[in-house]
1. Please check which bits of the stretch 2-33 a label hung off residue 174 would reach, taking the label as a point 7 Å along Cα-to-C-beta and the cut-off as backbone N under 11 Å.
2. Give the shape of the chain as rounded, prolate or oblate, defined through the alpha-carbon gyration tensor: a ≥ b ≥ c are the square roots of its eigenvalues, a/c under 1.5 means rounded, and otherwise the shape is prolate if a/b is larger than b/c and oblate if not.
3. State whether the stretch 1-93 is rounded, prolate or oblate according to the following rule on the C-alpha gyration tensor (a ≥ b ≥ c being the square roots of its eigenvalues): a/c under 1.5 gives rounded; otherwise a/b larger than b/c gives prolate, and the remaining case gives oblate.
4. If you average the sequence gap of Cα pairs under 8 Å that are 6 or more apart and divide by the length of the chain, what percent do you get for the contact order?
5. Rounded to whole Å and sorted largest first, what semi-axes of the equivalent ellipsoid does the C-alpha gyration tensor of the stretch 70-112 yield via the square root of 5 times each eigenvalue?
6. Pick from 202, 114, 13 the residue whose mean-square fluctuation is largest in a GNM of the chain, springs joining Cα atoms under 10 Å.
7. Using a Gaussian network model on the chain with a 10 Å cutoff between Cα atoms, which of 32, 169, 195 fluctuates the most?
8. Calculate, for residue 205 and residue 184, the FRET efficiency according to 1/(1 + (r/R0)^6) with r their C-beta to C-beta distance and R0 35 Å; round to the nearest 0.05.
């Protein structure tokens, strides 16, 4: 029943927002990084709505929820993006002139590599949806450390977050065991995903550095959700 609720919540909140708006942008001098990021707003909001549909996440304090979203949502966003591009809109999974115009070629290739590394996991109807919840409940996935992002209230709050994470980690592990032929294969699948996620975090640092160095100083045209995720409080 829990898995069914997770599947339905993800389908209801996230699937309707794809990347067609990004890829239909005209590639000329009017295309800016700010416009590209703003086009992602609905996708971010869909992911937040998905997380809010998880009862245990909703029971956390407001400060803790905001801290987890600010610290982890970009990493979750890219995992979700891979799922969308490979399963929901595979016709969009191609070299995009928009991405190539906005991002350096080496960073674009890194993004494609990390996306392709997740292909073995995206076609399972439940696996990615569970992984997203577990990763979102990590206290700080963004290895680009910024002091203003760390706002977990106290040790008790951290303990409450991990308690919730343990519920879904246990559920994830039971699901993995149920879909694999033996215990060893289950360990390999779980370890493989974690390894690829850790590598993906190093690419996130490159993305952060690129975006922070290329956004205008004031960022007045960024919509609120994008500004809260990408602009540190010291820059506001």
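1. Within reach of a label on residue 174, which here means backbone N under 11 Å from a point 7 Å along Cα→Cβ, the stretch 2-33 contributes 2-3.
2. Cα axes put the chain in the oblate bin.
3. Oblate, since a/c reaches 1.5 and b/c is not below a/b.
4. Result for the chain is 28 percent.
5. Computed over the stretch 70-112, the values are 18, 16, 8 Å.
6. Among 202, 114, 13, the largest GNM mean-square fluctuation belongs to 202.
7. In this elastic network of the chain, the residue with the biggest mean-square fluctuation among 32, 169, 195 is 195.
8. The pair residue 205/residue 184 has a calculated efficiency of 0.60.
Since every read-out is calculated from the coordinates, none of them should be taken as a lab result. The model shown is predicted, which means the values in this text are computed figures rather than measured ones. We place every Cβ from the backbone using ideal geometry, glycine too, and count neighbours over all the protein chains shown.
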